[in-house]
Amino acid sequence: MFKFRVIGFILLIALLGGIFFWKAGGFWLFLAAAPAMCAAAVGECCLMLRRSGRPAFPLPGAILSWAFPILLIVALRFDWLWSSPAALLILPVAVFFAGLIGILLMRPRLMEGIFTTLGVTGMLTWSLGALLMTYTLPPYGYWLFFLCLATKATDTGGYIVGTLTAKLPGGNHKIAPSVSPKKSWEGLVGGFLLSLAVAWAFYRFGNAHVDLYIAPPSLWWYLTAGAVLSIGSFFGDLTESAIKRMCGVKDSGGFVPGMGGAFDVLDSFLYNGMLFWILVIFA
């Protein structure tokens, strides 16, 4: 498991590095990878619900959560938001008519599935979409790079420290064993400190070597962001654990060897996209 986490962290850095440093193709790399991962997470969540006996439609949910962020990102990136506002209405109108057809058919099970799917799709697209929208902040990719590494540092640091302290006499101190049996206070502190270290590194090297187009944030802003994103990462992970326990599954899927599905990888971002925009506003 640890090997796969290290490999996954390295691959994440490589992907984010390509998105940020590859000037010619970084945007298209981001557009190909990021919405697809979010769509996979939505599809997996709907599939978990369906396997637990709740009606849901994984494929339509995945398609909606893939298409809408692409439409919005392209609109923002190429300033189509105001020149072609009608384009942004296509998906909401399609969703409305899909629900209307379900009502007209008077099929309660179908309607329950539609509303379940739209609820899951809406919430996850909103939360993960906020994460994707950080790419549109200039310089393109820098803040997404920071957000992803500060968030995943909590996962990585928590896993390392939690694993090591579990081997001590008496083990470590669990936080919520009924929801996530392996999460410990020691791991939480380890992840928190590693996230602060990542935030300091971005302040030390990012401000000096990247044209931020704005007044560079202070050290205190970076450290506050690292702390907030670390806490958000923990609660996002805990939220997904509660959903999986409700559905009676261990992993959301098998998309990533040794780590589960796309939802397992993105769970720590459930709140951090929105939290980061709050931090940006107060910057």
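The values are calculated or read from the model by the stated rules, or taken from the named source; none is laboratory data. Every value quoted in this text rests on a predicted model; they were computed, and no experiment measured them. No Cβ is skipped: glycine too gets one built from the backbone with ideal geometry, and neighbour counts run over all protein chains shown. The area values use the complete protein model at the heavy-atom level, side chains included, leaving out ligands, DNA and RNA. Shrake-Rupley method; radii C 1.70, N 1.55, O 1.52, S 1.80 Å.
For segment 136-150, what are the residues that are within 16 Å of Gly206 (Cβ to Cβ) and assigned to a helix (DSSP H, G or I)?
Listed by number, the residues that qualify are Tyr142, Trp143, Leu144, Phe145, Phe146, Leu147, Cys148, Leu149, Ala150.
Restricting segment 164-189 to residues that are loosely packed, with under 13 Cβ neighbours inside 10 Å and hydrophobic (A, V, I, L, M, F, W, C), which is farthest from Ser230 (Cα to Cα)?
So, considering only residues that are loosely packed, with under 13 Cβ neighbours inside 10 Å and hydrophobic (A, V, I, L, M, F, W, C), the one farthest from Ser230 (Cα to Cα) is Leu168.
Which condition number does Ser195 fail, the rest of (1) more than 18 Å from Trp143 (Cα to Cα); (2) in contact (Cβ under 8 Å) with a residue 40 or more places away in the chain; (3) among the small types (Gly, Ala, Ser) being met?
Result: Ser195 passes all but (1).
Within segment 190-207, which residues are farther than 13 Å from Leu229 by Cα and either in contact with a helix residue (DSSP H, G or I) (Cβ under 6 Å, 6 or more places away or on another chain) or open to solvent by 70 Å² or more (accessible area, probe 1.4 Å) (or both)?
Scanning segment 190-207 gives Gly190, Trp200, Phe202, Tyr203, Arg204, Phe205.
Looking only at residues in segment 20-36 that are open to solvent by less than 10 Å² (accessible area, probe 1.4 Å) and in contact with a Phe, Trp or Tyr (Cβ under 7 Å, 6 or more places away or on another chain), which one is nearest to Ala130 (Cα to Cα)?
So the residue we want is Pro35.
Taking segment 42-64, which residues are modelled with pLDDT under 90, open to solvent by less than 10 Å² (accessible area, probe 1.4 Å) and closer than 24 Å to Thr136 by Cα?
Within segment 42-64, none qualify.
Looking at segment 245-254, is at least one residue part of a helix (DSSP H, G or I) and either at pLDDT 90 or above or over 19 Å from Lys182 (Cα atoms) (or both)?
no
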